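Here is the structure we will look at.
Readers should treat all values here as calculations from the given coordinates under stated rules, not as data from a laboratory. The model shown is predicted, which means the values in this text are computed figures rather than measured ones. Positions of Cβ are generated from backbone atoms using ideal geometry, with glycine treated the same way; all protein chains shown enter the neighbour counts.
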Amino acid sequence: MATTASAPDRQRSASSRGTTAAGHAPTLRVLALLRGHTGRVGVAVAAGVAAELGALALMATAAWLIARAAQQPPLAALSLAIVGVRAFATTRGVFRYAERLAGHDAALRALAALRARVFDALVPLAPSGLPAYRSADLLSRMVSDVEAVQDLVVRVIVPVGTALVVAGVATGFTAAVLPVAGVVLAVGLAVAVAGIPAVTTAAARRNARSLAPARAELAARNADLIEGSADLAVFGATQRALDAADAAADRLAAVERRTAWTGAAGGAATMLVQGATTVGVTAVALDAAASGQLSAVLVPVVALTALVSFEPAMALVGAAQRWLEARAAIRRVLAVFDTEAPVAEPPRPRPAPGRDVEVDIRGLRVRYPGAARPAVDGVDLHLAPGRRVAIVGASGSGKSTVLAAMMRFIEPEAGSIRLDGHDVSEYAGDDVRRAITGLTQDAHLFHTSVRENLRVARPEASDGDLRAALSAARLLDWVDGLPQGMDTLVGASGAQVSGGQRRRLALARALLADPPVLLLDEPTEGLEPQTADELVADLLTATRGRTTVLITHRLAGLDAVDEVIVLRTGQVVQRGRHDELVSVPGPYRDLWWAAG
């Protein structure tokens, strides 16, 4: 196998690169994801501009209509303005709806694409690339932090684009009517559109950096309380966990209060500028009307145009805060993207291995990042098609690490793993995991029915296939006894079924997948001894002629496998057939006698 950097070096390199890349123009990197949706975003901005210009035209036309009507002209002189008021009032609502529809459509599409990319980025990191993340923190990054993209479109891009265009049109119209009033309005809008949001951004920067981590911490504390309530109660740590959650909630509330105060101050400042500018424009217009430079009918038009032109700017203080919050959340998402996977994908992967896969492991050594000693050192294993091997040993002896290396979840420090004569690193990771997979320790049940949990392994499976897999896992009678049979929901992470039933459902799913090399990591975990022994016997019958690696701490039935490998502290201390190992002194016979 080619020499690679040590795991700690790779970890430091990934961490450094992730921090740099995530911190470099994070908003621009996420905006690049919107390239496929720029048309919809453009439509949303255009519709927003049309809606605000409609409101501006409505107010200006209505002001002219009222002022002109006070002069009691013929009705025909007012008819065009009356039609205009009706048209602008109607089209404003239509364009506002179009802006909401296009903006949310673009945002939700981008949200779905980004969430899928986050999930894809997490897959190669499991299981050895995620020790730096807590599960609740990852959930927060994938849900609430990713949703920042929605805010970026709906509450930042569209309002900013709308405010800039409306400010330009309002200033140009006012300047055309009365140049001096246009200058006053331009100054006021510049302060409202650029100055106040800039000050708000500077004041809110620290709060925005703290908001996403504070929310993630509270989510993690709540997850500990909900999912670990039983363990906390056993160890008398419930009150300590509650206090920690309360403290996290207080920190989040403090950040949100500071954010709210900053937003309120910015909004108040914008309203003051709006009022002062409107008064200034009105005073200039009245003076011009008194000197004969401006028709008296146009004074309310200019004044109300100035007043309404600030409406889009009112949203910019919130947009500035949302941008800061979104940028902080996006950095957390990009940190996941930039975390280097523990196993590198080949630039030109070999074709996927066939059905009859031969696996050959020689001198395998695996060390987890930061570990002082290898988790596995010097393991040899040969799996010809149809060969069945059991790996036994105490917890922490390295059994599951061997499987993780076989599935390309972690890079070996030394030694080689070959599939059909080729190094496993020459294959795409997904192809390896399709050929070598099964029941792992972290097998997950989804919050859906028994049927759909099984079909994760093989979506096209018939009910007959599902029932056969359930029968092999000794679970069919239980499923048939459920009120809704295979349509019964199992709850989040299988919370509505027992630990043994969760394990057997995951086992049935592994059997349904029917990979070329079937891995069974502690399939009897959570079962009572008699049922566990019966299940092992059934499994060994069902896997006859199928390449299988069985990880177990129970020795009953292992006389049916071709070889038993005994691990201790990551090294092979015994290997051979069951009858050979129990006939000689050693760790295996000690385990056999201890099991009684």
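Before moving on, here are some points about what is shown:
- With R₀ set to 41 Å, the beta-carbon distance separating VAL123 from ARG205 gives a calculated FRET efficiency near 0.75.
- For the pair ARG109 and THR448 in one chain, pulling the backbone fully straight at 0.36 nm per residue adds 119.6 nm over the alpha carbon distance.
- For the chain, calculated [θ]222 nm from helices alone, where every DSSP H run of n ≥ 4 adds -39500 (n - 2.57): -19500 deg cm²/dmol
- When the charge dipole of the range 359-595 is built from unit charges on Cβ atoms (+1 for Lys and Arg, -1 for Asp and Glu) and taken about the Cα centre, the candidate among ALA371, GLN496, GLY570 whose Cα reaches farthest toward its positive end is ALA371.
- A value for volume of the Cα convex hull per residue in Å³ was derived from the coordinates, and within the list (1) 149; (2) 272; (3) 204 it appears as (3).
- For the chain, the longest principal axis of the alpha carbon atoms and the long axis of helix 179-190 meet at an angle near 20°.
- Virtual paramagnetic centre 7 Å along Cα→Cβ of ALA268, amide N under 17 Å, in the range 311-329: 317-318
- Whole-Hz Karplus values for the range 253-265 come out as 4, 5, 5, 5, 5, 4, 5, 5, 5, 4, x, 5, 5 Hz, taken residue by residue from phi with 6.51 cos²θ - 1.76 cosθ + 1.60 and θ = phi - 60°; glycine and proline positions read x.
- Calculated FRET efficiency for the pair ARG544/ASP231, C-beta based, R₀ 51 Å, to 0.05: 0.80
- Fraction of antiparallel bridges per DSSP, the chain only, in percent to nearest 5: 50 percent
- Residues with amide H under 5 Å from that of VAL376, placed H, sequence gap 5 or more: VAL366
- 3J(HN,Hα) along the range 204-212, derived from phi through the Karplus expression 6.51 cos²θ - 1.76 cosθ + 1.60 where θ = phi - 60°, amounts to 8, 4, 5, 4, 5, 5, 8, 5, 4 Hz, with x in place of Gly and Pro.
- Theoretical FRET efficiency, 1/(1+(r/R0)^6), r = Cβ-Cβ of GLU147 and SER583, R0 51 Å, to 0.05: 0.20
- Backbone N under 20 Å from the THR569 label point (7 Å along Cα→Cβ), restricted to the range 392-426: 392-402, 413-414
- Length released on extending from ARG348 to LEU28, taking residue separation times 0.36 nm less the Cα-Cα span: 112.2 nm
- Gain on full stretching of the segment that runs from MET314 to ALA428 - 0.36 nm per residue minus C-alpha separation: 35.8 nm
- Along the axis of the charge dipole computed for the chain (Cβ charges of +1 for Lys and Arg, -1 for Asp and Glu, origin at the Cα centre), the listed residues PRO483, LEU114, THR524 are led at the positive end by LEU114.
- In this simple spin-label approximation, SER471 and SER498 carry label points 7 Å from Cα along the Cα→Cβ vector, and these lie 2.3 nm apart.
- The order of MET486, MET407, going from fewest to most other C-beta atoms within 10 Å of their C-beta, is MET486, MET407.
- Extending 7 Å from Cα along the Cβ direction at ASP380 and again at ASP590 yields two label points whose distance is 2.4 nm.
- Degrees, to the nearest 10: 298-309 long Cα axis against longest axis of the chain: 10 degrees
- With neighbours defined as other Cβ atoms within 10 Å of a residue's Cβ, the residues ASP521, ASP224, ASP231 order from fewest to most as ASP231, ASP224, ASP521.
- Listed peptides 324-331, 165-172 appear in the order 324-331, 165-172 once ranked by packing, highest mean of other Cβ atoms within 10 Å at the front.
- Using the Karplus relation 6.51 cos²θ - 1.76 cosθ + 1.60 with θ = phi - 60°, the per-residue 3J(HN,Hα) values for the range 498-512 come to 6, x, x, 5, 4, 5, 6, 5, 5, 5, 4, 5, 5, 5, 5 Hz, with x marking Gly and Pro.
- Cut-off under 5 Å, modelled amide H: who pairs with ILE391 long-range: LEU550, ILE551, THR552, ILE565
- Label sites at GLU460 and ALA67, each approximated as a point 7 angstrom past Cα along Cα to Cβ, lie 7.4 nm apart.
- Rounded tilt (10° steps) of 316-338 against the dominant C-alpha axis of the chain: 20 degrees
- The charge dipole of the chain, taken about its Cα centre with unit charges on the Cβ atoms of Lys, Arg (+1), Asp and Glu (-1) only, comes to about 1760 debye.
- Label-reachable residues, the range 487-527, where backbone N falls under 16 Å from a point 7 Å from HIS553's Cα toward its Cβ: 500, 521-527
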